[in-house]
Each structure stands twice: as C-alpha cells, then as structure tokens.
Amino acid sequence: MSADSLRLFFALGCPPELAATIAAWRDSLPLPGRPVARANLHLTLAFIGQQPLLRLAALQELAAQLQAPAFELHLDRLGRFRNGLLYLTPSQPPEALLSLAEQLREALLGAGISQENRPYHAHLSLMRHCPMQPLDASPSFDWSVRHFALFASEPAASGRLYRQLQQWSLGRNDQV
C-alpha cells in the first residue's frame, strides 16, 4: 500500500455499547472462525477501495452534500456467505438505509469511482472463516442510526484497523 493513498469505505460505525453487546453474543456462539474485532464492527454503505490522498477532500465534500434521515435499524437475522463470512442483517432493511446506500453509490459513480454492479446487501460482519451457521441463534439488536462516516482500512498487527476519518449527521446536513 502506498503512503499517498488510502483504502476507503463509507459505513455506519457500530456504537461502542452495541458493539460490545453484539461481540459478547457472537462470542457465546460455539463456532470456530476469526471474529471481527469489536472496534471494527460496522455496516458498509459503499466500498470505495484504494484512493489517492488527493481525492479525500472531494469524497468528504460528496458526503457532506447528502441529505438522508436518521433511522432505526433492527438486526434480527444471522447469515453466512459461501466464503465463510458470518454476518447480521435486518430482515426488513429500512428504506432510509437503502436510500442512503443508493445516494452514495450514485454520487461515487458521478465522481468517476466505479461501484460493484450488484444489489446492496446490508450486513454487519461478525466472523471470517466460519465453516457453518448455527441453526438456533436468534439475534435481536436495535440501533438508532444517526450518523454515517468515511473510514480508512489500515494494516495492523491483528489484521486490519478501521479508522474513522470523518462523520456526518443524518436528519440534517451538518458535519459532526
């Protein structure tokens, strides 16, 4: 990775108390795998990828222009992708969440940043390399979403560290 670029994504950073509760619940499941660090729990809105530092200000301005309401998120389903990623997801994704993700996707495309051409799937990653999904797990986590943020994914001794670069309030267009 170059010192003049960052690996970036827009996401909902999981509040610390909720992250602790989710991590404790996940850790109680009798599953092998590599847990996502509690501090890294988030719900991705748009993956941007490796970008030059010179593009950071434009991405921050792009995000500041978005207008989206705050919303309630209920994570009540456990899923697993074929690659072994265990995740939480809402059975009924709020329209405000889907709209925010779509606004970001369109703004990024307008700025010349390509996006994956597949439907958005809201999920919070819990564990990597998980060989199975428990059948009897009943997650139920409520999250009052009031902000979204731009994060940088950086190498760390324990894997990756997700560092929040800037955050914006939902429900108004003020930077926090």
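Readers should treat all values here as calculations from the given coordinates under stated rules, not as data from a laboratory. This is a predicted model, so every value here is computed, not measured. So basically every Cβ, Gly included, is an ideal-geometry build from the backbone, and we count neighbours across all protein chains shown.
Order by neighbour count: His147, His121, fewest other Cβ atoms within 10 Å first, most last.
Numbers: His147 15, His121 12.
Listed from fewest to most nearby Cβ atoms, that is His121, His147.
Dividing the helix sum by the residues of the chain, where each DSSP H run of 4 or more adds -39500 (n - 2.57), gives a mean residue ellipticity at 222 nm of -7000 deg cm²/dmol. Working from Cα pairs under 8 Å separated by at least six residues, relative contact order for the stretch 37-90 is 21 percent. A simple spin-label model places the labels of Glu106 and Leu135 4.4 nm from each other, with each point 7 Å out along Cα-to-Cβ.
Kindly identify the stretch 5-169 as rounded, prolate or oblate by the Cα gyration tensor criterion: order the square roots of the eigenvalues as a ≥ b ≥ c, call it rounded if a/c is under 1.5, otherwise compare a/b with b/c, prolate if a/b is larger, else oblate. Judged from the Cα gyration tensor, the stretch 5-169 comes out prolate (a/c at least 1.5, a/b above b/c). When both the stretch 133-173 and the stretch 1-52 are represented by their alpha-carbon centers, they are found 6 Å apart.
Remark: spin-label model distance Asn117-Asp76 equals 3.6 nm, labels positioned 7 Å along the Cα→Cβ axis.
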